[in-house]
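Here is the structure we will look at.
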Amino acid sequence: MPSVAVEPAAAFTVPVPRGRGRQDWRSALFVAPYLLVFVAMLVVPLAMGMWLSTTKGDLFGTERWVGLANFVRLFGDAIFLKAVANTFYFVLLTVPFLTLAGLGLALVLNRQERWAAVLRTIFFASTVLSVTVVTLVWRLVFLPDGGLLGVTAEALGKTPIAFLNDERLAMPAIAVTTIWWCIGLPMVLFLAALQQVPRDLYEAAALDNASRWTTLTRITLPAIKRTFFLVIIIEVILQFQLFGQPQLMTLGGPNNSTRPIVLFIYEAGWRQWELGYAAAAAQVLFAMILIAAMVQYRLSSGKEAA
Amino acid sequence: MAGVQLAEVGKAYGAVTVIERLSLDIPAGEFMVFLGPSGCGKSTLLRMIAGLETIDGGTIRIGERRVDTLPPGERGVAMVFQHYALYPHLSVRENMAFGLRNLRVPAAEIAARIAAAAASLEIEALLERKPGQLSGGQRQRVAIARAIVKQPELFLLDEPLSNLDAALRVRTRLELAQLHRRLGTTMIFVTHDQVEAMTLADRIVVLNAGGIEQVGTPMEIYLRPRTQFVATFVGSPRINLLPVAIEEGPAGSARARLGDGTMLDTAIRFAGLPQGAMTLGLRAETVCVTAGDDAATHGTAEVVERLGERTLVHTLLSDGSRLVAEDAGVSAVRPGDRIGLTIDAAAAHLFDATGLGHHRAETA
Amino acid sequence: MTRSRLATGLVILAAVLMLVPLLWVLALSLKDNAELMTDTASVFNGRFTLENYRNLFGNGDVFRWIANSLIVSFGMTAGVLMLASLAGYGFARLEFPGRNLLFVVVLLGLAVPEQAVIIARHQMFSWLGMHNSYPALILPGLSAPFGVFLMTQYFRAIPRDIDEAALLDGASRFTIFWKLLLPLTIPAQATLGIFTFLSAWNDYWWPLISATNKDMFTLTVGIASTQMNFAQTEGLGFLMAQAVFAGAPMLIVYLFFQKYIVQAVAGAAGR
């Protein structure tokens, strides 16, 4: 067999050159601009906020390190505890309804016809409005003297109710406002999930003579289970951060009944100028949201694995 | 036009060696095919030549230049990718011009080169289209055209036919062979398809597990496989392998005894063969079904595959070993038939325990 | 069958309820202020006027606020797109020391809510004396890690073949980024751009505390400020005209770009 130049060339011992390195610090220039802003606007304030939460001082005075005193004070502060309770109450009022109504709307509106598209447009429209427009609109609905509900009540011969001035009704009124504002997001998330369900599953079910109810409970709902939990967590995180609606509609009243944690932070920081105290409350909220975010991360990374 | 020299080239990802200190000499103008199963390192080797993979050691030369320290764009090579890698948002014309602009080729010459390449590949009508508007075959031609306009010293082709349907693949194969003849440029073509390798190559490098099994012309690879791996990887149907005992036969040749007792006098010299059990390699075309009394052995037909121009008969021998034999296209054999087989023992190969092949003495 | 018809009926009813508050506000904005003072039910008597809108155009504040909102929203969108594209390419395609660790740190930033940083941020801008300026309104929004995350994912999804073909074509890293890959990320740029613009336009808390000078109000904060003096307002109709004027542009943009907006918002939430 004719020999070819394949056999390891034994005599060929050149100093081994290093391969052209791809690790290059100049490549980091692409990420540097963002990282600069990231550090200045997120990392530093976060660390500073944590440090602030262990200090006491005012806007002009020097901060003094007080350890965990702010946190101890928070958990003895009836208004803060009320704010925490209000926040949970609000989440309970809005999140289950937003999730179930969003799912319901998606199930009914997941079709090609024109009327369904029009209705989808209507339900998502309010999402693009800013909180100040939304609250302005709804104040003119809830206003006892000349508001839409007041006028309606008078037309029916009843006494108008001052929803936003009633301790029991103010929070539900804010919840209604929020649901009106936010219903679009859960709906489109569910719609996206429904469109991911493989069509041949429905064809197989039809061949198996499944009823519409069976198709819904055995195929559709199990297929979007993950989205269901995802929506719940996204909404919990969003609604936990309730701020603008009560700040603009009730200022937290009457009798603190609509003051959520974020409004508490805002008022501690920018009304009383107790920055350390406000920062401590912010850390508590951060911890709560972090727990929810961790659950969400688990769910969404699990989705990729599936 | 330039040859390629690899000397002691190696590559490892952490503890996993992908290419093991490998040397290879490709003369200028040769059509060289890297052939091997997936994961053998053939694509990695090609990408090392292109500069898309770093090398851990050794040197690569293209022509007189040492290129292993140069970035890919300065190596004077052009590559056709498996998935074509056309720039999706650029028109065909812009795809072809992109590399030339980076080389600061004058606009007039760019236009001339594109026109020439487009004419030779018959894609003039497609020049203003985007890759997304082309069929698979058209994209393939554009990818080749994009390589041609660069007038490289070396063409690298990474499984360029694997995404085409069967008919188009055969046609493009022919066109590639013509292209090589016309341009005369050195080409390195990576494939796992032995038919592509056999039909296109001046020489084939068979790779396995990061190392070279054999380098040779297609017929050398087929007729004198250096190892059992090469013998089984090249050839369809797969070469028959049977365990045999060896003794000295007439005129110093090796005589093999099959499991069913059949004696075969090979043309391989007995002297120089290692002692002990060996494996006999028989291509299907050297084992033929016979109705006469010239049969070397007998067996039972298990499966009969009719390919049209010939028939493959999977045969069970009396000792339980199996053998694929050939018969004419129009064959009367049916499964279950008892059949006789002739064996062209002179064409047989022997493989020793290390897998090394032994073949009949070279004939002038 | 009847069950599904019932569901459809309920959904249509709900859609009407969604629209009623908006129509109510629109109707009020078209009424004479004096008439509304006595009875808002007068909207049903059919006497409408454009006087409130005429007054609105005479009042420079709203236009000033809209201009501010436009500057801030476009500035933030442009900044986010630029920073996120560069960083996304860097994280997805280039190798440099500490890359993976840095990316994980940026991802962790996704979990940080605004409340955890806003107090210290406000302090920092106070020290720098930068409040009531466009940079103060824009800079914090540029730090959101979502864009980097999105663009990194998108760059990763582009086949590496393209880069390699370009390397063989002698293109530099920046040419590959600018001429070949960036045009392929346009869908992601649209998603990120719309999402950023919408968030910036509707942002409330940061502009509320940073822009305390009436001339630097964004539209959101401006509308809030007129709302605060609800009692002493120049008239209900005028207030409602402001609400319509603030909300309508967004709704119109939404009607035109609905598909992209919905995709952007859903994509951002479903990360």
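Coordinate-derived values only; no laboratory data. Given the structure is predicted, the values throughout are model-derived calculations rather than measurements. When we count neighbours, we look across all protein chains shown, and the Cβ atoms used for this are built from the backbone with ideal geometry, even at glycine.
Worth a mention:
- Distance between segment B:202-230 and segment A:64-127 - C-alpha centres, whole angstrom: 68
- Per-residue mean of C-beta atoms belonging to partner chains within 10 Å, peptide C:85-98: 5
- Chain B: most fluctuating residue of B:Phe155, B:Phe81, B:Phe233 per GNM, C-alpha cutoff 10 Å: B:Phe81
- Contact order, relative form, for chain B: 15 percent (alpha carbon pairs under 8 Å, 6 or more residues apart, mean separation divided by residue count).
- Extension gain, B:Glu175-B:Leu273: 0.36 nm per intervening residue step, less the Cα-Cα distance, totals 30.8 nm.
- Rounded to whole Hz, the Karplus (6.51, -1.76, 1.60) HN-Hα couplings of segment C:255-261, x for glycine and proline: 4, 7, 10, 3, 4, 6, 5
- With at most 13 other Cβ atoms within 10 Å, longest stretch of chain A clear of loop chymotrypsin sites (Phe, Trp or Tyr not before Pro) (DSSP): A:61-306
- Cα long-axis angle, helix A:78-109 against chain A (0 to 90 degrees, to the nearest 10): 70
- For segment A:215-285 and segment B:89-149, distance of Cα centres in Å: 57
- Calculated P(r) tail over 26 Å for chain C, as whole % of Cα pairs: 57
- Normalised Debye scattering of segment A:186-306 at q = 0.09, 0.10, 0.16, 0.19 Å⁻¹ gives log10 I(q)/I(0) of -0.44, -0.51, -0.85, -1.01, counting only Cα atoms as equal scatterers and leaving out solvent.
- Less than 5 angstrom separates the built amide H of B:Val324 from those of B:Thr315, all sequence-distant by 5 or more or on a different chain.
- Trypsin sites (Lys or Arg not before Pro) within segment B:15-114, DSSP loop, no more than 13 other Cβ atoms inside 10 Å: B:Arg104
- Values of log10 I(q)/I(0) for chain B across q = 0.08, 0.10, 0.12 Å⁻¹ run -0.52, -0.74, -0.95, by the Debye formula with one identical scatterer at each alpha carbon and no solvent.
- The HN-Hα couplings worked out from phi for segment B:59-65 by the Karplus form 6.51 cos²θ - 1.76 cosθ + 1.60 (θ = phi - 60°) are 9, 10, 10, 10, x, 8, 8 Hz, whole numbers, x standing for Gly and Pro.
- Neighbourhood charge, 14 Å Cβ-Cβ cut-off, centred on A:Arg218 and excluding it, Lys, Arg +1 and Asp, Glu -1: +1
- Helix C:146-157 vs. chain C, principal-axis angle (Cα, 0 to 90°, nearest 10): 50
- For B:Leu157, the residues whose amide H sits under 5 Å from its own are B:Val80, B:Ile188, B:Phe189, B:Val190, ignoring neighbours fewer than 5 places away on the same chain, with H placed 1.01 Å from N.
- The alpha carbon centroids of segment C:1-53 and segment B:285-342 are separated by 90 Å.
- Loop-located GluC sites (Glu not before Pro) in segment B:31-96 (DSSP state not H, G, I, E or B) with no more than 15 neighbouring Cβ atoms inside 10 Å: B:Glu64.
- 3J(HN,Hα) from dihedral phi, segment A:111-116, Karplus parametrisation 6.51/-1.76/1.60, rounded to Hz, x for glycine, proline: 8, 7, 4, 4, 4, 5
- For segment B:155-302, the spread of Cα positions along the three principal axes, ordered from largest to smallest, is 53, 37, 27 Å.
- Residue with peak Gaussian network fluctuation, chain A [Cα springs, cutoff 10 Å], from A:Ile79, A:Ile237, A:Ile219: A:Ile219
- Between A:Asn165 and C:Thr38, the FRET efficiency from the beta-carbon distance, with R0 = 22 Å, is close to 0.50.
- The GluC sites (Glu not before Pro) of segment A:165-273 that meet both conditions, a loop assignment by DSSP and at most 14 other Cβ atoms within 10 Å of the site Cβ, are A:Glu167.
- Percent breakdown of C-alpha pair distances by 10 Å bin, ordered from the shortest bin, for segment A:78-305: 7, 26, 30, 21, 12, 4, 0
- The alpha carbon radius of gyration of segment B:244-364, expressed as a multiple of 2.2 N^0.38 Å, is 1.10.
- Considering only C:Trp24, C:Trp205, C:Trp65, the Gaussian network model of chain C with Cα springs below 10 Å gives its largest mean-square fluctuation to C:Trp24.
- Sorted into 10 angstrom bins from 0, the C-alpha pair distances of the protein assembly as shown split as 2, 9, 15, 16, 14, 13, 11, 8, 6, 4, 2, 0, 0 percent.
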